[in-house]
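Trainee: Encoded as structure tokens, here's the structure I'll be asking about.
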Amino acid sequence: MQVMIKLLLGIAVLLLGIPVGNLLAKATNDELKAGKKWFRIIVIMGLIGAVISLIFRNDALLFTFLFIVIVTNKSLRR
């Protein structure tokens, strides 16, 4: 039961990454244009970190890396 609550809480936090990404995209439009290459690198590194977190079974790191990927990717798509 406790594992299910942690999983649902993690998913809820990940879903909050969507509006946060939109907010950052609106607030930092100039930086997004100049640093688009670096944001893509952040997304790739976040995905690699998420896979490594899955291997080591570390949920906190997994959700952290996925949150970074969601926020950065959502900012890039705006």
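Just so you know, all these numbers are worked out from the coordinates, no wet-lab data involved. All values reported here derive from a predicted model rather than from experimental measurement. Using ideal geometry, Cβ is built from the backbone for each residue, glycine included, and neighbour counts are taken over all protein chains shown.
Trainee: Would you check which residues across segment 50-76 are touching a helix residue (DSSP H, G or I) at 6+ places or on another chain (Cβ under 8 Å), among the charged types (D, E, K, R) and exposed (fewer than 15 other Cβ atoms within 10 Å of the Cβ) and list them?
Mentor: Asp59
Trainee: Give Leu15, Leu47, Leu7 a once-over and let me know the one that is in a helix (DSSP H, G or I), exposed (fewer than 14 other Cβ atoms within 10 Å of the Cβ) and within 11 Å of the chain's Cα centre (by Cα).
Mentor: Every option except Leu15 fails the conditions.
Trainee: Which residues, taken from segment 50-61, are part of a helix (DSSP H, G or I) and either touching a Gly at 6+ places or on another chain (Cβ under 8 Å) or of a type in the set (D, E, K, R) (or both)? Before the answer, list the steps.
Mentor: Filtering segment 50-61 for residues part of a helix (DSSP H, G or I) gives 50-56, 59-61.
Residues satisfying the conditions are Asp59, Leu61.
Trainee: Can you tell me which residues in segment 17-34 are of a type in the set (A, V, I, L, M, F, W, C) and without any contact (Cβ under 8 Å) to a residue 24 or more places away in the chain? Reasoning before the result, please.
Mentor: Taking segment 17-34 and keeping what is of a type in the set (A, V, I, L, M, F, W, C), we get 18, 20, 23-25, 27, 32, 34.
Across segment 17-34, the qualifying residues are Leu23, Ala27, Ala34.
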